[in-house]
Every structure is written in C-alpha cells, then in structure tokens.
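The values are calculated or read from the model by the stated rules, or taken from the named source; none is laboratory data. If you're wondering where the values come from, they're calculated on a predicted model, not measured in any experiment. Cβ coordinates were reconstructed from backbone atoms using ideal geometry, including for glycine residues, and neighbour counts include every protein chain displayed.
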Amino acid sequence: MTFRLRVVLAALVFSLVVFPNARPSAFAVAKASADDLRRLEADFMKAAAEKGADGYMSYYAEDAVEVPNGEVFIQGKSEIAKTMGFLNDKNNQLTWTPVGADMSASGDLGYTYGTFEFSSKDKDGKAVVAHGKYTSIWKKQKDGSWKVVLDMGNSSPSPKP
C-alpha cells in the first residue's frame, strides 16, 4: 500500500471516529413538518366524509385517548370507535379547519388545533349546526405512519358573520 493511500485511509477512519454524526445530506432522513400534519388533517377529514366512522377511526392509534366535551376520557381505539357511529349518518357532517400545527424537534410527535363545525338535523328535521375547537396530538408509529394519539374538542359559540 502506498504512503499516500495510507494517509487517505487514516484520515477517513479518523473523520468517522471524530465526526460520527456527520453524514452527507443524501443520507439524511427527512423529518415531518407542521405542513405534513396539516396535510394529514385534510386527508383525515376526507376519509371521515367518504367512509364515515371507519374512515375517521383509520387515523387513530390503537392506544388513542379521546377527551370529549363534558365527558370522561375514552381510552383505546375500539372504545372510541363505539362513539363514532353518528358519522355514518348522511345527515351528519363533521368538518374541521386546522388553525395551527407544530412538530417536535425529533420529528416524531406533533399537534394540530383548530375549529370544527358539526351539521346535523334535529328530531323535526331542522338543520342544526354546532361549532367548536379541537386539539389533536399526532405520533409517528413504528411503521412510519402518523396516527392521532389524543384528541379533544369543546363547543364554542357560533362565529359572528
């Protein structure tokens, strides 16, 4: 082995030992951003509109917690799903708009918050609209997907025109 090659190899080994986390950007793994969470929210709402409760629940983690307005915690996806059947009624429509979102520095936990509107019909067939606020905490799962691990909402007065 030539002297020059030995020097290059020694420098390479030295740099790998001294700078173990220095990697070219081609090796960097892209982290999720707040914009990714906003896109997830849009997909989440679309799934709920198209597939009802099944679409809605497809965005929940198995160990999710729901914090309903004025009610006790609901723990576990299967227990939460028992309360979401109203989404299968075509007279009901739940829409929401993220107002803010943020992502942890590690890129595996984030949150969204915003407003929601729930349209339905009362027992006489008259349209009823409820408004509120929500917060959802999202966690990256082992398979790389993102799921809601905590969701809460509470009612608000109707927005002023």
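Is there a residue being within 30 Å of LYS31 (Cα to Cα), surrounded by 13 or more Cβ atoms within 10 Å (Cβ to Cβ), more than 13 Å from the chain's Cα centre (by Cα) and of a type outside the set (Gly, Ala, Ser) anywhere in the stretch 136-153? The answer is no, given that none of the residues of the stretch 136-153 is within 30 Å of LYS31 (Cα to Cα), surrounded by 13 or more Cβ atoms within 10 Å (Cβ to Cβ), more than 13 Å from the chain's Cα centre (by Cα) and of a type outside the set (Gly, Ala, Ser). For the stretch 106-114, check the following and say yes or no: at least one residue is surrounded by 13 or more Cβ atoms within 10 Å (Cβ to Cβ) and not in a strand (DSSP E or B). Yes - at least one qualifying residue is present in the stretch 106-114. With surrounded by 13 or more Cβ atoms within 10 Å (Cβ to Cβ) and over 17 Å from the mean Cα position of the chain (by Cα) as the only criterion, which of ILE80, ILE74 stands out? One residue alone meets the criteria, ILE74. Of all residues in the stretch 115-144, which are under 18 Å from VAL65 (Cα atoms) and not aliphatic (A, V, I, L, M)? Correct list: LYS133, TYR134, THR135, SER136, TRP138, LYS139, LYS140, GLN141.
Just one of the listed residues (ALA34, ALA26) is at pLDDT below 95, closer than 22 Å to SER106 by Cβ and within 16 Å of the chain's Cα centre (by Cα), and it is ALA34. Among the criteria (1) at pLDDT below 95; (2) within 14 Å of LEU37 (Cβ to Cβ), the one SER136 does not fulfil is (1).
Checking each residue in the stretch 56-70 for being surrounded by fewer than 19 Cβ atoms within 10 Å (Cβ to Cβ) and either under 19 Å from SER120 (Cα atoms) or among the aliphatic types (A, V, I, L, M) (or both) picks out ALA61, VAL67, PRO68, ASN69.
Looking across the stretch 115-135 at every residue that is closer than 15 Å to TYR59 by Cβ and aromatic (Phe, Trp, Tyr), the one that is surrounded by the fewest Cβ atoms within 10 Å (Cβ to Cβ) is identified as PHE116. Would a scan of the stretch 91-104 turn up a residue that is without any contact (Cβ under 8 Å) to a residue 40 or more places away in the chain and farther than 20 Å from ASP36 by Cα? Looking through the stretch 91-104, at least one residue is without any contact (Cβ under 8 Å) to a residue 40 or more places away in the chain and farther than 20 Å from ASP36 by Cα. Between a residue in the stretch 75-87 that is polar (S, T, N, Q) and any residue that is surrounded by 12 or more Cβ atoms within 10 Å (Cβ to Cβ), which pairs come within a Cβ distance under 6 Å, given they are 6 or more apart or on different chains? What qualifies is GLN75/VAL65.
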